[in-house]
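Visitor: This is the structure I have questions about; it appears just below.
The values are calculated or read from the model by the stated rules, or taken from the named source; none is laboratory data. Please read all numbers here as calculations on a predicted model, not as lab measurements. Virtual Cβ from ideal backbone geometry, glycine too; neighbours counted across all protein chains shown.
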Amino acid sequence: MSKKILIADDERTTLEILKSTLTQTNYLVDTANSALEALKKLESNSYNLLITDVKMPRMSGLELLEKVKQEYPQMDVIVMTAYGVIDDAVAAMKKGAIDYILKPFSTEGILLVIQRALEQQDLVLENRYLKEEIKTQYSYETIVGSSKKMQEIYELMERVADTDSTVLIRGETGTGKELVARRLHYISDRKDKIFVEVDCVALTETLLESELFGHEKGAFTGAIKRKIGKFELAHNGTIFLDEIGDISPTMQVKLLRVLQERKFERVGGNEPVRVNVRVVAATNKDLEKAVAEGKFREDLYYRLNVIPIYLPPLRERVEDIPLLANHFLNVWNRKVKKSIKRISPKAMNALLNYPWPGNIRELENVIQRAVIMEKGEVITRVDLPVGKKSPDSEGSFTSMEMTGDLSFPAAKEQFEKEYLIALLKKSRGSIRAAAEYSLLDSKSIYLKMRRYGLKKEDFR
């Protein structure tokens, strides 16, 4: 759906130029030649954005801004002011304007300001829509665990939440690193701002650079317009860099500069972009080993590791398994509209004796299956993977039938291909989900897909 913009200016030429420019960019545009006319239109119409000149007769743009913020507090406003009158722009920002434009303006410049404002607006609206769910989802009641190790983590999170220090969350796959990152954001002073997540391993080096820092029009083939990067979108909020241990040496250098100076250039650009952003990173890699082997920059490691948070694997907090299992039982009861009351002692014993290589994520998957398959009011069995079951587990599994007609390398290749196909079907072509299910990293999944000529689009 096209965004609707209201422009208020007493200069007819400016209104005509802006309307023509924005209409060609597929915005719906309405105009008002005074602040009073703008207020009347706001009473009877809904707009995504208001752009107003500062200098207008009878009621100034700053007065209009104040009035709009009183009556329509969610309305985003951009002000226009002449060069040399920067004080007006500063005053407008203090009164709640989201950005400002200096006259005379370039087409590219004003389109960038509007694009940035609307992209931030979309993220804020999405965050606002999910706010109540998020408050519940990322509460300490949801980060389940009463073990001593988890209590220490809760205490550490409380101490560091309101600082701007960079946080590095360490832990195996499935231990809840993203959950902790989001919780840090939502208990911090930045909680009403944007939380932006970037999966560093899911993109190539070139795409990751563009994703993080944005790019200018014409920076590379296919760059048909300027793009705002995740760092810029996360301004005043939090950016979560997941799988930070997998970024390339080139990206390590670029990220180091952002952490040091809080500024960067878009791909293909020369103008520095400054940001105020809290950085939270996560990895399941042994970064100390990577530093020793020359695969990860030592200076970047120290920049990231200001506040380390280590999430223990589930096998090191076995006492939390009953709490987690019952939590997921309640979650999936609600999701699939069932009313299973409890997990039997025998099934719980199976959970307690399983090593959980996939950690909390694997436990949730097991409980999800059990809830879906259970016909009664008590879960009496849980399905755990072959070779890793506890003696008390009553789980079942499916294995590929093999004969002795193949050589070992050929049999291994056949198994790997069939397993990968089944994995991609299960994850519906999602590389990240396939990596989570298989406990492989995303790069390995990509390489194996390329080897066997598989495309993720074929499984969606």
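Visitor: Asp53 - would you say it is of a type outside the set (Gly, Ala, Ser), over 32 Å from the mean Cα position of the chain (by Cα) and over 19 Å from Asp30 (Cα atoms)? Working first, answer last.
Guide: Details: of a type outside the set (Gly, Ala, Ser): yes; over 32 Å from the mean Cα position of the chain (by Cα): yes; over 19 Å from Asp30 (Cα atoms): no.
No, not satisfied.
Visitor: Out of Leu28, Leu18, Leu64, Leu42, I need the residue that is surrounded by fewer than 16 Cβ atoms within 10 Å (Cβ to Cβ) and in the same structural domain as Ala117 (by TED's automatic domain parsing). Which one?
Guide: Working: Leu18 fails: surrounded by fewer than 16 Cβ atoms within 10 Å (Cβ to Cβ); Leu64 fails: surrounded by fewer than 16 Cβ atoms within 10 Å (Cβ to Cβ); Leu42 fails: surrounded by fewer than 16 Cβ atoms within 10 Å (Cβ to Cβ).
One residue alone meets the criteria, Leu28.
Visitor: Hey, another quick one. Test Thr204 against the criterion of being surrounded by fewer than 18 Cβ atoms within 10 Å (Cβ to Cβ) and without any contact (Cβ under 8 Å) to a residue 60 or more places away in the chain, and give yes or no. Step through it out loud before you land on a result.
Guide: Numbers: surrounded by fewer than 18 Cβ atoms within 10 Å (Cβ to Cβ): yes; without any contact (Cβ under 8 Å) to a residue 60 or more places away in the chain: yes.
When the stated conditions are applied, Thr204 passes them.
Visitor: Would you pick out the residues in the range 197-237 that are of a type in the set (S, T, N, Q) and at negative phi? Quick ask: steps written out before the conclusion?
Guide: Let us first name the residues in the range 197-237 that are of a type in the set (S, T, N, Q), namely 204, 206, 210, 221, 236.
Of everything in the range 197-237, those that are of a type in the set (S, T, N, Q) and at negative phi turn out to be Thr204, Thr206, Ser210, Thr221.
Visitor: Restricting attention to helices (runs of 4 or more DSSP H) lying wholly within the range 148-223, give those where 2 or more residues are modelled with pLDDT under 90. Before you say what the answer is, go through the steps one by one.
Guide: Numbers: elements: 148-160, 177-186, 205-213.
Qualifying helices (runs of 4 or more DSSP H): 205-213.
Visitor: Of Thr81, Thr52, Thr23, which residue is β-branched (Val, Ile, Thr) and free of Cβ contacts under 8 Å to residues at least 24 places away in the same chain? Outline the logic, then answer.
Guide: Details: Thr81 fails: free of Cβ contacts under 8 Å to residues at least 24 places away in the same chain; Thr52 fails: free of Cβ contacts under 8 Å to residues at least 24 places away in the same chain.
Criteria check complete, one pass: Thr23.
Visitor: Does Ile194 fit the bill of being within 21 Å of Ser442 (Cα to Cα) and either touching a residue at least 40 places away in the same chain (Cβ under 8 Å) or surrounded by 20 or more Cβ atoms within 10 Å (Cβ to Cβ) (or both)? Steps first, answer last, please.
Guide: Working: within 21 Å of Ser442 (Cα to Cα): no; either touching a residue at least 40 places away in the same chain (Cβ under 8 Å) or surrounded by 20 or more Cβ atoms within 10 Å (Cβ to Cβ) (or both): yes.
It is false that Ile194 is within 21 Å of Ser442 (Cα to Cα) and either touching a residue at least 40 places away in the same chain (Cβ under 8 Å) or surrounded by 20 or more Cβ atoms within 10 Å (Cβ to Cβ) (or both).
This table checks each residue for (1) part of a loop (DSSP other than H, G, I, E, B); (2) touching a residue at least 24 places away in the same chain (Cβ under 8 Å).
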| position | (1), (2) |
| --- | --- |
| Gly269 | yes, yes |
| Ala290 | no, yes |
| Tyr302 | no, no |
| Glu319 | no, yes |
| Leu323 | no, yes |
| Asn333 | no, yes |
| Lys338 | yes, yes |
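The rows are residues; the columns are (1) out of contact with any helix residue (DSSP H, G or I) (no Cβ under 6 Å at 6 or more places or on another chain); (2) part of a strand (DSSP E or B); (3) of a type outside the set (A, V, I, L, M).
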position: Ile51; (1), (2), (3): yes, yes, no
position: Arg58; (1), (2), (3): yes, no, yes
position: Lys69; (1), (2), (3): yes, no, yes
position: Met93; (1), (2), (3): yes, no, no
position: Tyr100; (1), (2), (3): no, yes, yes
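Visitor: Taking Glu232, is it surrounded by 20 or more Cβ atoms within 10 Å (Cβ to Cβ), among the acidic types (Asp, Glu) and not in a loop (DSSP other than H, G, I, E, B)?
Guide: On the way: surrounded by 20 or more Cβ atoms within 10 Å (Cβ to Cβ): yes; among the acidic types (Asp, Glu): yes; not in a loop (DSSP other than H, G, I, E, B): yes.
Here the answer is yes, as Glu232 does meet what is asked.
Visitor: If I ask for residues that are in a helix (DSSP H, G or I), farther than 23 Å from Trp356 by Cα, in contact with a helix residue (DSSP H, G or I) (Cβ under 9 Å, 6 or more places away or on another chain) and of a type in the set (A, V, I, L, M, F, W, C), which ones from the range 421-460 would you list?
Guide: Ile421, Met449, Phe459
Visitor: I'd like to check something: does the range 132-146 contain any residue that is at pLDDT 90 or above and either at positive phi or out of contact with any Ser or Thr (no Cβ under 8 Å at 6 or more places or on another chain) (or both)? Write out each step before concluding.
Guide: Step one: filter the range 132-146 for residues at pLDDT 90 or above, giving none.
The answer is no; no qualifying residue exists.
Visitor: Counting just the residues of the range 375-420 that are of a type in the set (A, V, I, L, M) and out of contact with any helix residue (DSSP H, G or I) (no Cβ under 8 Å at 6 or more places or on another chain), which one comes out modelled with the lowest pLDDT? Please lay out each step first, then the result.
Guide: First pass over the range 375-420, keeping only residues of a type in the set (A, V, I, L, M): 378-379, 382, 384, 386, 400, 402, 406, 410-411, 420.
Next, only the ones that are out of contact with any helix residue (DSSP H, G or I) (no Cβ under 8 Å at 6 or more places or on another chain) stay: 378, 386, 410-411.
Details: Val378: 95, Val386: 51, Ala410: 71, Ala411: 73.
So, considering only residues that are of a type in the set (A, V, I, L, M) and out of contact with any helix residue (DSSP H, G or I) (no Cβ under 8 Å at 6 or more places or on another chain), the one modelled with the lowest pLDDT is Val386.
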